[in-house]
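See below for the structure under consideration.
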Amino acid sequence: MKKTTLISVLSTLPFILSCTEKQVEAPAALYPIPVEKQVEWQKMETYAFIHFGLNTFNDREWGYGDSDPKTFNPGKLDCEQWVKTFVRAGMKGVILTAKHHDGFCLWPFEGTEYSVKNTPWKGGKGNVVKELSDACRKYGLKFGVYLSPWDRNHAAYGTPEYIKYYRAQLCDLLTNYGDIFEVWFDGANGGDGWYGGAKETRTIDRENYYNYPSLYALVDSLQPGAIIFSDGGPGCRWVGNERGIGGMTNWSFLRKGEVYAGYPRAYELESGHADGDQWTAAECDVSIRPGWFYHPEEDGMVKTPEQLLDLYYKSVGRNGTFLLNFPVDRDGLIHPVDSANAAKFHDMVCNDFKTDLVSGIVPKVSNERGGAFTASALTDDDYDTYWATQDSVISAEIEFNFSEPTQMNRLMLQEYIPLGQRVKAFSVEYKQGEEWLPIKTEEQTTTIGYKRLLRFDTVKTDALRIRITDARGPLCLNRIGLFFAE
Ligand code: FUL
């Protein structure tokens, strides 16, 4: 070798060395991906809904818009009691029906007489939106509002004038009550109503009447941190049923611009659109009683802690959030049965996930990207560390071995969603002797997303493996937990 060649080889050595030492790059994001506030919203997992208003006092679900405001008189109203109930139930926020379809406002909105200001409650000086938002701040809960687009009281409903009124209400709510984490645009719209005494049926063009894009822009400008809920998002979507149940296959995507309020194929919302180009995860709403509003005859029909736990697995456990409604009663309180059941439900969740059998255990994986993206990230407590495969690898096995036969019946899987949702199919097996047998579960093991929880028949085994068999791209999982719920 000539001397000059040797010198040039030697001079490139440091470069070659620094290349091999170079940090392994993270997998590229796989679109669509959530914005940061959507990830934070999904981490809330469970939050409460409140339906309260004139309907409460008139035994209605959908007030016609003509109930007398004088009937609204919650003698013991105490928003701190509501909020303490939610904190005790492990919930992270609450969304209030500031105005339901009957048009009655729980705050003294200037543009109408149909509000708390014309009720006997606190001599007309009360404001439920203020009291609840204050209580939320005091106890560390997030606060959100439901403002029904449909208004069966307003004389101008159906005309452009009503849209001005509606925007003014939204502005008021989003300006004067601190941070709002979610704004709820209900899908029920148009039909018969009192409408200032006209008592008629008014149909609107559901897709265009409200000019939703401009309403969403208004929300974004006033509350940039808020998630916008509607049947089709954009922030989060309705799950397509009011039973609180997400699809076993649940993509956090929708095809942009396709779903609107009253979308005829609502069943698609349970699973989302696998080929969607907009990140819009599912929110699973359900009431703790049959009705959304309080009816005394439903006092004996409150969902049991066991039923709520089942719904938790079918919502949060299927890549959704769980929005549980509490119908505040005529005293202005959450009924004791409802709060007791919600608290017990939370205890049951905590109990099911009390001891993570694989915490800190590093599983054996069939592929690893290297660098920071190692298998140890699967069982640490850091949300933002994750195991990833090499770019060309879209299936893998993850195996846990135990030093002695161990009982288990719950599995938790989490994909690192800031980089997208990827997994399409997986299976779970446990070892018996030399054989691998499938766990017995009623769940289809398809998507994972933010969180997937599997309940399966108890096994006692010294090894469990998860086989991810198909995905949209290289795998990125940040958490696996394994539990034994007694
Ligand atoms: C529906 C409404 O019509 C119900 O009254 C309730 O508010 C529920 C959450 O959404 O669309």
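Since every read-out is calculated from the coordinates, none of them should be taken as a lab result. Quick caveat: nothing in here was measured; it's all calculated off a predicted structure. Neighbour counts run over all protein chains shown; Cβ positions are idealised from the backbone, glycine included.
Taking the charge dipole of the chain about its Cα centre, with +1 at Lys and Arg Cβ atoms and -1 at Asp and Glu Cβ atoms, the residue from 140, 214, 389 reaching farthest to the positive side is 389. Residues whose amide H lies under 5 Å from that of residue 260, counting only those 5 or more places away or on a different chain, are absent; hydrogens are built 1.01 Å from N in the peptide plane. Per-residue 3J(HN,Hα) values for the range 430-446, derived from phi via the Karplus relation 6.51 cos²θ - 1.76 cosθ + 1.60 with θ = phi - 60°, read 10, 9, 10, x, 9, 9, 9, 10, x, 5, 9, 9, 7, 7, 7, 9, 10 Hz in sequence order (x marks Gly and Pro). All Cα-Cα distances of the range 34-96, cut into 10 Å bins from zero to the largest, leave 18, 34, 28, 17, 3 percent in each bin in turn. Taking amide H atoms as placed 1.01 Å from N in the peptide plane, the amide H of residue 476 lies under 5 Å from those of 416, each 5 or more residues away in sequence or on another chain.
The calculated FRET efficiency for residue 380 paired with residue 275, based on their beta-carbon distance and R0 = 51 Å, is about 0.95. Sequence-distant contacts, meaning Cα pairs under 8 Å at least 6 residues apart, place the relative contact order of the chain at 16 percent. The long axis of helix 212-222 is offset from the longest Cα principal axis of the chain by roughly 80 degrees. If R0 is 22 Å, the Cβ-Cβ spacing of residue 214 and residue 156 corresponds to a FRET efficiency of close to 0.75. For the range 364-483, the fraction of C-alpha pairs farther apart than 24 angstrom is 21 percent. Judged by the mean number of other Cβ atoms found within 10 Å, the most tightly packed of the peptides 254-260, 402-408, 330-336, 101-107 leads the ranking 101-107, 330-336, 254-260, 402-408.
Using the alpha-carbon positions of the chain, Rg (one decimal) and Dmax (whole number) come out as 25.9, 102 Å.
Working value for the range 261-355: equivalent-ellipsoid semi-axes of 28, 20, 10 Å, each the square root of 5 times a Cα gyration tensor eigenvalue, largest first. Could you give the angle, 0 to 90 degrees to the nearest 10, between helix 305-315's Cα long axis and the longest principal axis of the Cα atoms of the chain? Its long axis makes an angle of about 60 degrees.
When you count the other C-beta atoms within 10 angstrom of each residue and take the mean per peptide, 308-319, 272-283 line up highest first as 308-319, 272-283. Applying the Karplus relation 6.51 cos²θ - 1.76 cosθ + 1.60 with θ = phi - 60° to the range 361-372 yields 3J(HN,Hα) values of 7, 8, x, 7, 10, 7, 8, 9, 6, x, x, 7 Hz, where x marks Gly and Pro.
Local charge for residue 354 was computed over the other residues whose Cβ lies under 12 Å away, with Lys and Arg +1 and Asp and Glu -1, and equals -3.
Using DSSP, restrict attention to beta bridges with both residues in the chain and report what percent are antiparallel, rounded to the nearest 5. If I count the DSSP bridges inside the chain, around 55 percent turn out antiparallel. Between residue 266 and residue 403, the C-beta separation translates, for a Förster distance of 35 Å, into a calculated FRET efficiency of about 0.10.
The mean sequence separation of alpha-carbon pairs under 8 Å and at least six residues apart, normalised by the residue count of the range 304-388, gives a relative contact order of 21 percent. The ellipsoid equivalent to the alpha-carbon distribution of the range 306-418 has semi-axes of 37, 17, 11 angstrom, derived from the gyration tensor eigenvalues as √(5λ) and listed largest first.
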